[in-house]
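The values are calculated or read from the model by the stated rules, or taken from the named source; none is laboratory data. Model, not experiment: these values are computed from the prediction. No Cβ is skipped: glycine too gets one built from the backbone with ideal geometry, and neighbour counts run over all protein chains shown. Ligands, DNA and RNA are excluded from the accessible area calculation, which covers all protein heavy atoms including side chains. Shrake-Rupley method; radii C 1.70, N 1.55, O 1.52, S 1.80 Å.
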Amino acid sequence: MINWNNLDTLKSYEKLKAVKRLNLVEAMSGAQGAERVGKYSVPMAAGLTFNYASKEVDDDILSALKELAEEAQLTEKYQALYEGEVINTGEKRMVLHQLTRGQLGKDVMADGVNKREFYENEQKRIAEFAEKVHSGEIANASGEKFTTVVQIGIGGSDLGPRAMYLALENWAKKHDTFKMEAKFISNVDPDDASSVLNSIDVAHSLFILVSKSGTTLETLTNQSFVMDALRKAGLDPAKHMIAVTSETSPLAHSDDFITAFYMDDYIGGRYSSTSGVGGAVLSLAFGPKVFADFLQGAAEEDKLSAESDLLKNPAMLDALIGVYERNVLGYPSTAVLPYSQALSRFPAHLQQLDMESNGKSVNRFGEPVDYVTGPVIFGEPGTNGQHSFYQLLHQGTDIVPLQFIGFRNSQIRNDVDIQDSTSQQKLCANVAAQIVAFACGKSDENLNKNFKGGRPSSIIVGSELDPKALGALLAHFENKVMFQGFVWNINSFDQEGVQLGKTLAKKVLAHETDGALAAYSRLLNI
């Protein structure tokens, strides 16, 4: 039987708080630091490795975290999720995004259909459509091939797919799988849509409208913006647009689209990159095979997340170390630092994934919790971030846990040797240097030049960022967020916090305001 209890009621949590804290500076200095790098490492899927040697943990703390994982029943709760129990208590829904890339347990039936078969069928339909577009069987009114695909969506319909596209764009070009350039329109700011439309040839562009409900204000506004541009160019919008939506949405059977691909209410937007939301744009941009490999990497990582041994489960381990940092050590934020320009938008995606999921102050039953939950997430690719906010990370008053991501090889493999090292070697050297600098610091009598150290970090490292590695990386963080939500006993799969602003915005547009809202409306000339 699964018990859903608050973190502060668990005996293992009290035990964890009593464990002696590690002196990270001492632990990572000299030979014992080298020993830790070899010891505190766990394999991930697709050849990746999660190394946590520079985290503030030792065997005693890991033993306490293992007890917490067992008492919180993390393995059992994950199984309940992927076998279709109602885990999203706020919206009374199952949570099935893992089912888009594989099946770990028994069949999940809902709405009278086998959900794994439903997702596979939609993936097959998307693949067939993409191949017809690439071959020219589906073309524009002049019989010419579409060369650009533009995704119209916001939130999870933009951040994840955009980050995944950018992550694989150069890899696809290098491996001759680049089919179509992709652009994204998300913000209701008219300059966003205008900028994209001004950068493309609309006559050779295919637009994907993504909205599960078919009622998202920003997305429908941008749809109208695009349709107006197509008409002004003398084109029929219905021959340039497809939809990704639910079968019950007003978009599902509309004559405004070439076709529609379907999603359902069991996959939240921020978890939808492996559904049709990411599948359509990635399959059109890179081909169905690349998307299939991406799904395979995610499926392999999902399988690892079902491992009951904490030290063999990278996502669960990452999650519990994060809980320790947040609830015992009191660190308020986490920085995600990919040393890969291809992952330039990955931190933005993780901001939504983590903060929209676990930015909660009530538990699964709507009761206030008396402990902190999700951290603030931010980040920037290295080495750019080093010249931006690393000053605060090294010498600021707050300690910020760090999650590095690095690859031994670049995607394009185009490099130069300057001062006896390549650019890729310089990039990797900076990763290694930063991890040790944050952990060990440097003493100096001049306090302005003194580095206290003791700044914890982990690194996910691999050979190259390819589709399987990207899928594994995505699933790792999705499952990390899930496990942390389980520990905090919160619902990681709804997002009521985004609703109030939307409601008030509608009142402003309807001129149904008073007080401060009316005053701000006048200030903005609405």
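Points worth noting:
- Put 162, 522, 21 in order of accessible area, highest first, and with a 1.4 Å probe you get 522, 21, 162.
- Here's how it looks for residue 151: its modeled amide H is under 5 Å from those of 183, 184, 185, 208, which are all 5 or more places away or on a different chain.
- Across the range 216-258, Cα-Cα distances exceeding 13 Å account for 56% of all pairs.
- Highest mean first, the peptides 203-212, 313-322 sorted by other C-beta atoms within 10 Å per residue fall in the order 313-322, 203-212.
- With DNA, RNA and ligands ignored, accessible area of residue 100 (1.4 Å probe; Å², nearest 10): 0
- Using a cutoff of 8 angstrom between alpha carbon atoms and counting only pairs six or more residues apart, the relative contact order for the range 112-180 works out to 21 percent.
- Relative to the longest principal axis of the Cα atoms of the chain, the long axis of helix 467-488 makes an angle of roughly 70 degrees.
- The local environment of residue 276, defined by Cβ-Cβ distances under 12 Å, has a net charge of -1 under the rule Lys, Arg +1 and Asp, Glu -1.
- Relative to the Cα centre, the charge distribution of the range 320-401, modelled as +1 at Lys and Arg Cβ and -1 at Asp and Glu Cβ, gives a dipole magnitude of about 140 debye.
- Once C-alpha pairs closer than 8 Å and six or more residues apart are averaged by separation and normalised to the residue number of the range 189-344, the relative contact order reads 14 percent.
- Solvent-accessible surface of protein heavy atoms, probed at 1.4 angstrom with all chains present, puts 248, 274 in the order 248, 274, largest first.
- Ranked by the mean number of other Cβ atoms within 10 Å per residue, highest first, peptides 483-496, 226-239 order as 483-496, 226-239.
- Whole-percent carbon and sulfur share, accessible surface of the chain, 1.4 Å: 49
- Residue-wise HN-Hα coupling along the range 111-127, computed from phi with Karplus coefficients 6.51, -1.76, 1.60 (Hz; x: Gly, Pro): 6, x, 9, 6, 5, 5, 5, 4, 5, 5, 5, 5, 4, 5, 4, 5, 4
- Lys/Arg +1, Asp/Glu -1 at C-beta; the range 43-186 dipole; positive extreme among 151, 161, 112: 151
- Placed amide H near residue 244: partners under 5 Å, 5+ positions off or other chain: 209, 210, 211, 261
- Simple Cβ-charge dipole of the range 19-59, Lys/Arg +1 and Asp/Glu -1, about Cα centre, in debye nearest 20: 60
- At 1.306 mPa s and 10 °C, Stokes diffusion of the range 341-426 via Kirkwood alpha-carbon radius, µm² per second: 99
- Heavy atoms of the protein chains alone define the surface here; on that basis the range 243-384 has 31 Å² accessible area per residue at 1.4 Å probe size.
- When each of the peptides 166-173, 471-478, 13-20 is scored by the mean number of other C-beta atoms lying within 10 Å of its residues, the order from highest to lowest reads 471-478, 166-173, 13-20.
- Altogether, the Stokes-Einstein calculation at 10 °C and 1.306 mPa s, with the Kirkwood radius of the chain over Cα pairs as Rh, returns a diffusion coefficient of 65 µm²/s.
- Residue by residue, the range 309-323 carries 3J(HN,Hα) couplings of 7, 3, 6, 10, 10, x, 5, 5, 5, 4, 4, 6, 4, x, 4 Hz when phi is fed to the Karplus relation 6.51 cos²θ - 1.76 cosθ + 1.60 (θ = phi - 60°); x denotes Gly or Pro.
- Positive-end ranking of 327, 447, 170 along the dipole of the chain, with charges on Cβ about the Cα centre, is headed by 447.
- Across the range 443-449, coupling constants 3J(HN,Hα) worked out from phi with the 6.51/-1.76/1.60 Karplus curve, θ = phi - 60°, read 7, 8, 4, 7, 4, 5, 10 Hz, and Gly and Pro carry x.
- Candidate aspartates and glutamates - alpha carbon under 12 Å from residue 239, same-chain residues fewer than 8 apart omitted: 255, 256
- Charged side chains reduced to their Cβ positions (Lys and Arg at +1, Asp and Glu at -1) give the chain a dipole of some 560 debye around its Cα centre.
- Taking the helices alone, the chain has a mean residue ellipticity at 222 nm of -13500 deg cm²/dmol, built from -39,500 (n - 2.57) per DSSP H run of at least 4 residues and averaged over all its residues.
- Prolate/oblate/rounded label for the range 370-526 (Cα gyration tensor, a/c 1.5): prolate
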